[in-house]
Amino acid sequence: NAGVTQTPKFRVLKTGQSMTLLCAQDMNHEYMYWYRQDPGMGLRLIHYSVGEGTTAKGEVPDGYNVSRLKKQNFLLGLESAAPSQTSVYFCASSYPGNQPQHFGDGTRLSIL
Amino acid sequence: SQQGEEDPQALSIQEGENATMNCSYKTSINNLQWYRQNSGRGLVHLILIRSNEREKHSGRLRVTLDTSKKSSSLLITASRAADTASYFCATDAASNYQLIWGAGTKLIIKP
C-alpha cells in the first residue's frame, strides 16, 4: 500500500548537471503531476500527464522535461540544472476530473 | 498565478481551542479542496466541497463555501498537537486538469 513513491528523497547537484526524478504510483491513477514548492508560495505545476504516453506543460515548465512511458511512472528531468531550480519537488496522482490528489513525500533538490 | 489565498498566513493557538482558516479565490469554480502538509512530508487531502454545497464535515473538520463571496473556511475543532501543519486550499478554476493552490496557512498548536 505504498501510494506515491518518489526517488531520490534528497539530492545536491552542481550547476549544469542533469538528473531525473522518479515517481511511481500503485493506485492505477490516470493523471499524474509534478509540482515544485518554494518557501512562502503554494505549489506550482511544472508538467502533468492525463494518461500513458501523454504529457503537457503546466505553469512553470521551462528547464524541465517529463516522460510517461508507463501508466504508473512519471519522470521529471533537469537537463542542465540551475540554482533557480533549487526547490522541493512533489509528484502527485489522481483520477480524472480534478479529483483529490495523492502526493509523494517530495524530493529536496539543491543546485550549487 | 495563485487563485486561492489563505488567511491568516500563520496561526498559533492553545491545544483544545478551535482553529479557523480562510481561503479566497477569484474566478468561478467547480470544487474547492483542502489539504494538510506536515513538516517534511507531502500534502494529504482533507475535504473536497463542490460549488453547489455550502458545508461539509469530516470528523473534527468543518468546511464552508460561499460562492457569492468566493471564499471558503476550514474549521478544526478541539485542536490537538498533531494538527500542527500547513493547510492549503486548491481550486479547479483553470481547467479539468489543474488545481490552483494558495500559499497556505501555517498552524501551530501549543500544548
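Nothing in this text is a laboratory measurement; each read-out follows from the coordinates by a stated rule. Bear in mind the structure is a predicted one, so any value in this text is a computation, not a measurement. FYI the Cβ positions are ideal-geometry reconstructions off the backbone, even for glycines, and counts take in every protein chain you see.
Compare B:SER86, B:SER24, B:SER58 in a GNM of chain B, Cα atoms joined below 10 Å, and give the one with the largest fluctuation.
B:SER58
What is the Cα convex hull volume of chain A when expressed per residue in Å³?
93
Provide the net charge surrounding B:ASN18, with neighbours chosen by a C-beta distance below 10 Å and charges set as Lys +1, Arg +1, Asp -1, Glu -1.
Cβ neighbours under 10 Å give a net charge of +1.
If you place +1 on the Cβ of every Lys and Arg and -1 on the Cβ of every Asp and Glu, how big does the dipole about the Cα centre of chain A come out, in debye to the nearest 20?
Working: 10 positive and 8 negative charges, 45 e Å.
About 220 debye.
So if I restrict to the alpha-carbon atoms in the stretch B:16-65, what is the Rg, and what is Dmax, the biggest pairwise distance, in Å?
12.2, 35
Among A:MET32, A:MET19, A:MET41, determine the one that fluctuates most according to a GNM of chain A built with springs between C-alpha atoms less than 10 Å apart.
A:MET41
Fewest Cβ neighbours within 10 Å first, please rank A:HIS47, A:HIS29 accordingly.
If I rank by nearby Cβ atoms, fewest first, I get A:HIS29, A:HIS47.
D for the stretch B:63-111, whole µm²/s, Stokes-Einstein with Kirkwood Rh over alpha-carbon pairs at 4 °C and 1.567 mPa s: what number?
Calculated translational D: 102 µm²/s.
Under 18 Å between C-alpha atoms is the cut-off here; go through chain B and count lysine pairs that meet it, provided they're at least eight residues apart or on different chains.
Close lysine pairs found across chain B: 4.
Diagonalise the Cα gyration tensor of the protein assembly as shown and give the resulting equivalent ellipsoid semi-axes, square root of 5 times each eigenvalue, largest first, whole Å.
Equivalent-ellipsoid dimensions as semi-axes: 30, 20, 16 Å.
Starting from the Cα of A:LYS70, draw a straight line to each of the lysines and keep only those under 24 Å, dropping any in the same chain fewer than 8 residues away.
Partners within reach: A:LYS9, A:LYS57.
Taking 0.36 nm per intervening residue step and subtracting the Cα-Cα distance, what contour gain separates B:SER12 from B:THR64 on full extension?
Using 0.36 nm per residue and subtracting the Cα-Cα distance, I get 16.6 nm.
Placing +1 at every Lys and Arg Cβ and -1 at every Asp and Glu Cβ, with all other atoms neutral, what dipole size does the stretch B:1-108 have around its Cα centre, in debye to the nearest 20?
Computed charge dipole of the stretch B:1-108: roughly 160 debye.
Test of understanding: what is the full-extension gain from A:ASN28 to A:THR86, defined as 0.36 nm times their sequence separation minus their Cα-Cα distance?
Extra length from A:ASN28 to A:THR86 when fully extended: 17.8 nm.
If you wrap chain B's Cα atoms in a convex hull and average its projection over all directions, what's the area in nm²? Don't jump to the answer; show the numbers that get you there.
Working: hull surface 26.4 nm².
Result: 6.6 nm².
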